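Working notes for the structure below.
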Amino acid sequence: QVQLVESGGGLVQAGGSLRLSCAASGIFFSSYTMGWYRQASGKQRELVAIITSGGSTNYADSVKGRFTISRDNAKNTVYLQMNSLKPEDTADYYCNARQHTWARDYWGQGTQVSVSS
């Protein structure tokens, strides 16, 4: 059974930091592109950051320079370090695992991040 479990969300003041974790099980983790997405109230879900199986990263312009995505294949875990948080970062954050060749696409249940001004 495939599971993606996010943790690390919470309430923080503007300028603060949070570190999100996503622990995966039931997949060959090292073969997957891992990503973080977020969805604010009344908004569409958007890409925040991705990291490929080869370690290449991409970020949304809105978080570039503030957020860092990383992965630990030995622990089957992907992280999102969020620094200099802004109220605009408030959203539910979702972990995603994707492997296009095998047509696999999995999602976690999300973790809430709230940033106060």
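The values are calculated or read from the model by the stated rules, or taken from the named source; none is laboratory data. Everything quoted here is computed from the prediction, not taken from an experiment. Cβ coordinates were reconstructed from backbone atoms using ideal geometry, including for glycine residues, and neighbour counts include every protein chain displayed. These area figures cover heavy atoms from the full protein model, side chains too; ligands, DNA and RNA do not enter into them. Shrake-Rupley method; radii C 1.70, N 1.55, O 1.52, S 1.80 Å.
Answer yes if at least one residue in the range 52-65 is within 16 Å of the chain's Cα centre (by Cα), charged (D, E, K, R) and closer than 23 Å to SER117 by Cα, and no otherwise. For the range 52-65, residues within 16 Å of the chain's Cα centre (by Cα), charged (D, E, K, R) and closer than 23 Å to SER117 by Cα: present.
I need every pair where a residue in the range 70-84 that is at negative phi has its Cβ under 7 Å from the Cβ of a residue that is small (Gly, Ala, Ser) and open to solvent by 20 Å² or more (accessible area, probe 1.4 Å), sequence separation at least 6 or different chains. Matching pairs, first to second residue: ASN73/SER30; THR77/SER21; THR77/ALA23; TYR79/SER21; TYR79/SER70; MET82/SER17; ASN83/SER17.
Restricting the search to strands (runs of 3 or more DSSP E) fully inside the range 2-71 and requiring at least 3 residues that are at pLDDT 95 or above and either surrounded by fewer than 14 Cβ atoms within 10 Å (Cβ to Cβ) or in contact with a helix residue (DSSP H, G or I) (Cβ under 8 Å, 6 or more places away or on another chain) (or both) gives 10-13. The residue that is least open to solvent (accessible area, probe 1.4 Å), counting only those in the range 72-108 that are under 16 Å from SER41 (Cα atoms) and in a loop (DSSP other than H, G, I, E, B), is THR90. Of all residues in the range 34-48, at least one satisfies being hydrophobic (A, V, I, L, M, F, W, C) and within 22 Å of GLN1 (Cα to Cα).
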